[in-house]
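Trainee: What follows is a structure written as structure tokens; I'll ask about it next.
The values are calculated or read from the model by the stated rules, or taken from the named source; none is laboratory data. Because the structure is a prediction, the values reported are computed rather than measured. Cβ sites come from the backbone with ideal geometry, for glycine too, and all protein chains shown count toward neighbours.
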Amino acid sequence: MLDINIKKNSNESIINIMAVMASSDGEISQEEILLLENVCEKNGLDQRVVKKYLLHTQNFEDDFTKLCRESIKLINDVNIRNKSIKLLMEMAAADLIIHEDELLLLELIASEWEMYVPSLKTKE
């Protein structure tokens, strides 16, 4: 379980999962930090939570999948999920590179939140 206290379906849970995305490639770009800070500002959160959650992700360097799954479980409200997925897509593109672990996080989200649609390839 997460060793920091994050309330389910809160703005902090969104910042947390965005921090997971930002740290997924091992390097956090200035664009990713700015996006996190902007989301904090828009939601009335202290920008210091960005550093707190980015530091927290370092505790899971050896088990990124576990970090992803635990962060995903903090969001079960449909509206918060929709808001999160839009922000995560923006986060993934912030440094203009889509990294493998960013895709992993999105795949885990799609599975956990049941967002898959049948592939067009299987309909041929």
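Trainee: So, in the range 21-37, of the ones that are small (Gly, Ala, Ser) and farther than 15 Å from LYS52 by Cα, which residue ends up nearest to the chain's Cα centre (by Cα)?
Mentor: This residue is SER24.
Trainee: Yes or no: the range 56-72 includes at least one residue that is closer than 12 Å to ILE15 by Cα and without any contact (Cβ under 8 Å) to a residue 12 or more places away in the chain.
Mentor: For the range 56-72, residues closer than 12 Å to ILE15 by Cα and without any contact (Cβ under 8 Å) to a residue 12 or more places away in the chain: absent.
Trainee: Can you tell me which residue among LEU45, LEU34 is farther than 26 Å from SER111 by Cβ and either touching a helix residue (DSSP H, G or I) at 6+ places or on another chain (Cβ under 8 Å) or among the basic types (Lys, Arg) (or both)?
Mentor: Selected residue: LEU45, the only one of LEU45, LEU34 that is farther than 26 Å from SER111 by Cβ and either touching a helix residue (DSSP H, G or I) at 6+ places or on another chain (Cβ under 8 Å) or among the basic types (Lys, Arg) (or both).
Trainee: Also: For the range 38-50, enumerate the residues that are at pLDDT below 95 and surrounded by 13 or more Cβ atoms within 10 Å (Cβ to Cβ).
Mentor: ASN43, LEU45, GLN47, VAL49, VAL50, listed by residue number.
Trainee: Scan the range 53-96 for residues that are surrounded by 14 or more Cβ atoms within 10 Å (Cβ to Cβ) and either of a type in the set (Val, Ile, Thr) or not in a helix (DSSP H, G or I) (or both) and report the count.
Mentor: Total meeting the criteria: 8.
Trainee: Next question, about the same structure. Collect the residues in the range 28-49 that are in contact (Cβ under 8 Å) with a residue 24 or more places away in the chain and either of a type in the set (Gly, Ala, Ser) or in a loop (DSSP other than H, G, I, E, B) (or both), keeping them in residue-number order.
Mentor: ILE28, SER29, ASN43, GLY44, LEU45
Trainee: If ILE17 meets every condition in (1) part of a helix (DSSP H, G or I); (2) over 19 Å from GLU107 (Cα atoms) apart from one, which number is that one?
Mentor: Condition (2) is where ILE17 drops out.
Trainee: Continuing with this model, one more query. Among the residues that make up the range 86-104, is at least one of them touching a Phe, Trp or Tyr at 6+ places or on another chain (Cβ under 6 Å), of a type in the set (D, E, K, R), under 23 Å from LYS7 (Cα atoms) and without any contact (Cβ under 8 Å) to a residue 40 or more places away in the chain?
Mentor: No, every residue in the range 86-104 fails to be touching a Phe, Trp or Tyr at 6+ places or on another chain (Cβ under 6 Å), of a type in the set (D, E, K, R), under 23 Å from LYS7 (Cα atoms) and without any contact (Cβ under 8 Å) to a residue 40 or more places away in the chain.
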